1. What percentage of the solvent-accessible surface of the chain, computed with a 1.4 Å probe over protein heavy atoms, is contributed by carbon and sulfur atoms?
2. Which value, in debye to the nearest 20, describes the size of the charge dipole of the chain about its Cα centre when Lys and Arg Cβ atoms bear +1, Asp and Glu Cβ atoms bear -1, and nothing else is charged?
3. Counting Lys +1, Arg +1, Asp -1, Glu -1, what net charge surrounds M28 among other residues with beta carbon under 13 Å of its beta carbon?
4. 7 Å from Cα along Cα→Cβ at both S30 and Q81: what's the point-to-point distance in nm?
5. To the nearest 0.05, how large is the calculated FRET efficiency for V2 and T112 if R₀ is 41 Å and r is the Cβ-Cβ distance?
6. Could you run the Karplus curve 6.51 cos²θ - 1.76 cosθ + 1.60 with θ = phi - 60° over region 27-37 and give me ³J(HN,Hα) per residue in whole Hz, x for Gly and Pro?
7. Taking Cα atoms of region 55-95, Rg/Rh with Kirkwood Rh, to two decimals?
8. On each of the three principal axes of the Cα atoms of region 1-59, give max minus min coordinate, whole Å, ordered largest first.
Amino acid sequence: QVQLVESGGGLVQPGGSLRLSCTTSGNMLSFNTMGWYRQAPGKQRELVASLTRGDITNYADSVKGRFTISRDNAKKTVYLQMNSLAPEDTAVYYCYGRIVIRDFWGQGTQVTVSS
């Protein structure tokens, strides 16, 4: 069973930065796509950023220019660098990976942006 484990969440002040990490127990090259979703209280889960095996990225409009997704295949890790954080970025962030038609999810990591 493929596992995804997130880390790097926490409390940060508005304008600050965080880097989330998602490490997989599987082979990174097995994933068609990896990325990050987030879910704020009372809201639906939304796509934040994704990265295909062919290095095509996709970002939510709300994070373009502030967040960057990347990966290190040797470390089996996908990163989400988040800069210029705002209170509306507060959410639980989930890592996901798709292998063919099957999706795998991490347990989530809390990001809170507050002064």
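The values are calculated or read from the model by the stated rules, or taken from the named source; none is laboratory data. Bear in mind the structure is a predicted one, so any value in this text is a computation, not a measurement. Because the Cβ atoms are built from the backbone with ideal geometry, glycine has one as well, and the counts that use them run over all protein chains shown. For the accessible areas, the whole protein counts, side chains as well, though only heavy atoms, and no ligand, DNA or RNA atoms are used. Shrake-Rupley method; radii C 1.70, N 1.55, O 1.52, S 1.80 Å.
1. Using a 1.4 Å probe with all protein chains present, the chain comes out at 47 percent carbon and sulfur.
2. My answer is approximately 220 debye.
3. Net local charge, M28 excluded: +3.
4. It is 2.9 nm.
5. It comes to 0.90.
6. With coefficients 6.51, -1.76 and 1.60, one gets 8, 3, 6, 6, 7, 5, 8, 10, x, 9, 10 Hz.
7. 0.98
8. Reported extents, whole Å, longest axis first: 36, 23, 21.
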